[in-house]
Amino acid sequence: MPTLPRAVAAAAPLIMALVLGLGWGEWIPVASMQGEGTPTAEATPSRAASPGATPQATQLPLYTPIPVSEARNVVGRLTIELTDRGFIPSRFEQAINQPIAFTLVNTGTRRHTFNIDELDVAISLEPGETKTTTIPSPRRLGHYTYYSDTPEDRALGMTGTMTIFI
């Protein structure tokens, strides 16, 4: 039979006394500690974590946004899916001085549009329709917003971001 090291054997009674003495063997429901889980009257909010913060109501979107995926680096060609919940991808990056060929696929159940105001792009797609277009490279670095301007999509905030970099 294996034997315990001398230090462990000597500490065992102390450990047992602590466990039993502190009541670690009993489960105490959290709700029973403070009157069915409600804070006590003397509880006050702490400002230590965020001294200048004040709670503010935030308006939630009318739909569940598609999670922002990693920005895709594009080399001249990109397929964008237009769904009833948003664009996939919702953002991408393209190097300057490169034309961009877009393949737009409407996988939704209603009409969507693809617009980039700064580049005079306005394309409408019916459900199930696919269109391809090429636009010249934007002349400036930065972010360009693409969006769908149908009334339903405007209400949902259906937008995406194209970033042009060096």
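The values are calculated or read from the model by the stated rules, or taken from the named source; none is laboratory data. These numbers come from a predicted model, not from an experiment. No Cβ is skipped: glycine too gets one built from the backbone with ideal geometry, and neighbour counts run over all protein chains shown.
Restricting 148, 124 to those that are modelled with pLDDT of 95 or more, under 26 Å from the mean Cα position of the chain (by Cα) and more than 15 Å from residue 92 (Cα to Cα) reduces the list to 148. Scan region 90-112 for residues that are crowded, with 20+ Cβ neighbours inside 10 Å and in a strand (DSSP E or B) and report the count. Result for region 90-112: 7.
The test for being loosely packed, with under 14 Cβ neighbours inside 10 Å and in contact with a Gly (Cβ under 8 Å, 6 or more places away or on another chain) does not hold for residue 136. The set of residues in region 131-145 being modelled with pLDDT under 95 and of a type in the set (Lys, Arg) consists of 139, 140.
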